[in-house]
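Notes to accompany the following structure.
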Amino acid sequence: MVNVLIKADKINKTYKLFAEEVKAVKDVDLEILQGEFIAIMGPSGSGKTTLLDILGCLDRVSSGKLQVLDNDVSVLKESSLVKIRRANIGFVFQEFLLIPTLTALENVELPLLFGKLPQDRNKAIKLLQMVGLGNRVNHLPKELSGGERQRVAIARALVTSPKILFADEPTGNLDTKSGQQIFDIFKELNQKDGLTIVLTTHNNKLGLQAKRIVYLKDGHIVSKEESSLYA
Ligand SMILES: Nc1ncnc2c1ncn2[C@@H]1O[C@H](COP(=O)(O)OP(=O)(O)O)[C@@H](O)[C@H]1O
Ligand SMILES: [Mg+2]
């Protein structure tokens with residue numbers, strides 16, 4: 001059975017800056033199904049981050065209807081949004097956003113603490129092993145390379161067993177080789193574990209490796225095609 005995890009109907013996001021209004025997302029319709037691996041692509045300023053933040057319940061729509069795992073989040077207040085996000089969604093960012101004074105392992109365990117979930121050191125270690133960092137668990141972020149830091153961030157995003165993983169330009173700060181390694185981890189998580197992944201990138205070579213590509217231009221979706229690699 002096809003399982004729709006996210007359904008967006010004519011969603012819009014308008015930022016108000018003093019007297020000026022910026023329409024960052026315009027009339028977006030999108031369904032995200034269980035097991036998808038979507039790359040949101042498009043030029044800088046086309047609304048990729050805004051759309052990802054909205055779909056991932058980090059930000060709210062200005063209008064339109066957004067259902068996330070059967071919750072109509074367009075009408076929810078901030079505290080309910082946080083609950084849904086913590087219970088179901090993992091996030092990875094371009095800047096990694098690790099806590100500099102905590103080890104890799106402690107960084108991975110942190111979302112359990114924030115989510116008031118039982119601490120599970122074994123799970124955190126297993127995730128670090130899964131991303132190839134079994135021998136780096138006690139390193140501080142400054143003792144890791146960029147690619148390694150992003151792997152810690154991926155393990156951290158997965159420790160709460162999210163139903164969807166979102167990643168905003170996850171390879172944007174990485175060299176070509178580390179970027180491909182990060183993408184390989186996403187592909188494996190999607191193919192082996194069936195994890196639903198939605199990411200943004202303006203790297204064509206990487207984006208084309210997703211199963212579906214959603215192109216944005218000026219806040220509009222201009223196409224939602226299956227990647228030719230999977231045709
Ligand atoms: N917090 C904000 N306040 C005002 N305008 C914003 C804000 N965030 C993004 N924008 C504007 O919204 C548009 C889309 O931005 P963004 O979603 O970051 O695009 P992308 O990720 O594709 O580069 C841009 O015109 C940007 O300047
Ligand atoms: Mg962006």
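We did not get these values from a lab; they are worked out from the coordinates using the rules stated. Worth saying up front: this structure is predicted, and the values here are computed from it rather than measured. Backbone-built Cβ (ideal geometry, glycine too); neighbour counts: all protein chains shown.
If you check Arg156, Arg151 for being surrounded by 20 or more Cβ atoms within 10 Å (Cβ to Cβ), touching a helix residue (DSSP H, G or I) at 6+ places or on another chain (Cβ under 6 Å) and not in a loop (DSSP other than H, G, I, E, B), only one passes: Arg156.
Give the number of residues within the range 73-100 that are at positive phi and either touching a Lys or Arg at 6+ places or on another chain (Cβ under 6 Å) or of a type in the set (S, T, N, Q) (or both). Matching residues across the range 73-100 total 1. Within the bounds of the range 173-181, is there any residue that is within 16 Å of ligand 2 (Cβ to nearest atom) and touching a residue at least 40 places away in the same chain (Cβ under 8 Å)? Checked against the condition, which is being within 16 Å of ligand 2 (Cβ to nearest atom) and touching a residue at least 40 places away in the same chain (Cβ under 8 Å), the range 173-181 yields at least one hit. Only one of the listed residues (Ala39, Ala87) is of a type in the set (A, V, I, L, M, F, W, C) and either assigned to a helix (DSSP H, G or I) or without any contact (Cβ under 8 Å) to a residue 12 or more places away in the chain (or both). That residue is Ala87.
Residues of the range 42-78 that are in a loop (DSSP other than H, G, I, E, B) and near ligand 1 (Cβ under 9 Å from one of its atoms): Gly42, Pro43, Ser44, Gly45, Ser46, Gly47, Asp59. For Val28, the conditions (1) within 16 Å of ligand 2 (Cβ to nearest atom); (2) in a loop (DSSP other than H, G, I, E, B); (3) more than 17 Å from the chain's Cα centre (by Cα) are fulfilled apart from (2).
All but one of (1) touching a strand residue (DSSP E or B) at 6+ places or on another chain (Cβ under 9 Å); (2) within 16 Å of ligand 2 (Cβ to nearest atom) hold for Arg60; which doesn't? Unmet for Arg60, out of (1) touching a strand residue (DSSP E or B) at 6+ places or on another chain (Cβ under 9 Å); (2) within 16 Å of ligand 2 (Cβ to nearest atom): (2).
Please give the number of the condition Ile11 fails out of (1) within 13 Å of ligand 2 (Cβ to nearest atom); (2) crowded, with 19+ Cβ neighbours inside 10 Å. Unmet condition: (1).
Out of curiosity, is Asp193 surrounded by fewer than 18 Cβ atoms within 10 Å (Cβ to Cβ) and within 24 Å of Leu117 (Cα to Cα)? Taking the combined requirement at face value, the residue satisfies it.
How about the range 84-113: which of its residues are loosely packed, with under 15 Cβ neighbours inside 10 Å, more than 25 Å from Gly172 (Cβ to Cβ) and not small (Gly, Ala, Ser)? The one that is loosely packed, with under 15 Cβ neighbours inside 10 Å, more than 25 Å from Gly172 (Cβ to Cβ) and not small (Gly, Ala, Ser): Leu113.
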